[in-house]
Every structure is written in C-alpha cells, then in structure tokens.
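Note sheet for the following structure.
The values are calculated or read from the model by the stated rules, or taken from the named source; none is laboratory data. Just so it is clear, the structure is predicted and the values come from calculations on it, not from any experiment. So basically every Cβ, Gly included, is an ideal-geometry build from the backbone, and we count neighbours across all protein chains shown. Heads up: the accessible areas ignore ligands, DNA and RNA and are worked out on the full protein's heavy atoms, side chains in. Shrake-Rupley method; radii C 1.70, N 1.55, O 1.52, S 1.80 Å.
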Amino acid sequence: MKLNPSKIICVGLNYKDHAAELKMDLPKNPIIFLKPPTTIIYDGDSIVYPIGQANELHYEAELAIVIKDKIKNVSELDAQKYILGYCCANDVTARDIQKADGQWTRAKSFDTFCPIGPKIVSGIDPNNLAIKLYLNDELKQSSNTSQMIFKPAYLVSFISNIMTLLPEDVIITGTPPGVGSIKKGDKIVVEIEGIGRLQNRVV
Ligand code: MG
C-alpha cells in the first residue's frame, strides 16, 4: 500500500482504560495534533532512532482511519460514507522531547515515526476491534476499540468541522494502556482484529 495524505491528524488520550491508567479526567473534546506526512512508513520498513536528539522513544498502537473524499462539516451520521477504510498505526513518540518541549510537534514528527499498514480494510465495524501491540513477541498493549472515548465517526465529523479533509488523509485515533519504550533492534507488531499485523523494526 501507498498513501499520500495532505496531513495526519492524531488524537491524544482517547481510551477510557488509558485515561484510568494515567489517572486523568476524560477530555470533553478530542485533543488533536498533527504529524507531517513525511513520518509515514509501511509494513516491514524501519523506524529510525534519532540518535543524539531523543533518549526515550515510545510505541503507541492505534487504529488509523483513511479518508475517501474531500469533506468539510460532515455530520457524525454521514461520516461513515467518507471513510475509505482502516489500518493499524504506531504513533511513535520521543517521550523525553514531548516532556521537555511542553508541546508535541518535535516529539511526534521525526521521519519514520508513523508506521501504517499492512493494508486498508473497509467494511468493518471500527467500534469493537481487539487492538494489541507486541514488543519482541511479548504482549504489551491489549484493549478494544470499544474503549474509545470519541468513536471514529465522531472524530471524522469533529475534525471536518475544523479543517477540510482530503482523500487519503489519515486520522490516528489514540492509544490504549501499556505504552512503553523501545530501543534499537526491537521488533514491534501492532495487531488489530479484522485488519492484520503491522511489523516494524527500530534501527
Ligand atoms: Mg498517540
């Protein structure tokens, strides 16, 4: 697969079980931020550790939504029509930089920091899918998209009421509990029920 999005919109703190893990209140509105399209890599590609710049990289397993049409101001009810399909994604984050900067752009934007794949799957209900992450074959994250605070259709509507969404734009929908650090040589697999497995190594 190949994607050429104009932008990647990311949602922070969107799983009830993750908010509980962090002892944080549930957000009233989706907390969104952007990753540049130059962060995208695909199944089998390598995540490049930014040596000398970051000292703590984290994985974040996420469900990705791929947009089908140019849309603006769509309702939650209509949103489904404008979704091309779903993929696995990994919102790779330099956690030390995120903490140091107090905002997220540098921490989230290094090249290769958005693995996505292995394919775009349509015709599935995104609201009840097991989502898992394995680090070197050890299960580290295990939840279900039913734990999302803001569901995919709501997110598409909410974001389209802020910015025009274009074909192949990607929305990544937040991560469940169990995030943790990765190092050079690690193998990371994001697995979502009905979609498949996205595997990447850190180099
Ligand atoms: Mg994330």
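Some observations on this one:
- Here residue 72 is the anchor, and the aspartates and glutamates within straight C-alpha reach of less than 15 Å, apart from those fewer than 8 places off in the same chain, are 168, 169.
- Over the stretch 21-93, accessible surface divided per residue gives 50 Å², non-protein components excluded, 1.4 Å probe.
- Separation of the stretch 57-83 and the stretch 137-203, taken as the distance between their Cα centroids, equals 12 angstrom.
- Counting only Cα atoms, the stretch 1-142 measures 45, 36, 32 Å along its principal axes, largest extent leading.
- Charge dipole (the chain, unit charges on Cβ, about Cα centre) - positive-most of 46, 144, 185: 46
- Taking 123, 174, 102 in turn, the Gaussian network model of the chain (Cα-Cα springs below 10 Å) assigns the largest fluctuation to 102.
- For the chain, the longest piece that avoids every one of the trypsin sites (Lys or Arg not before Pro) found in DSSP loops with at most 13 other C-beta atoms within 10 Å covers 73-182.
- Under 24 Å from residue 99, Cα to Cα: lysines that are on another chain or at least 8 residues apart: 7, 16, 23, 28, 35, 108, 140, 183, 184
- The gain in end-to-end length when the residue 20 to residue 70 segment is fully stretched comes to 14.4 nm, 0.36 nm per residue minus the alpha carbon separation.
- Accessible surface of the chain, 1.4 Å probe: 50 percent of it comes from carbon and sulfur atoms.
- Charge dipole (debye, nearest 20) of the stretch 1-127; +1 at Cβ of Lys and Arg, -1 at Cβ of Asp and Glu: 420
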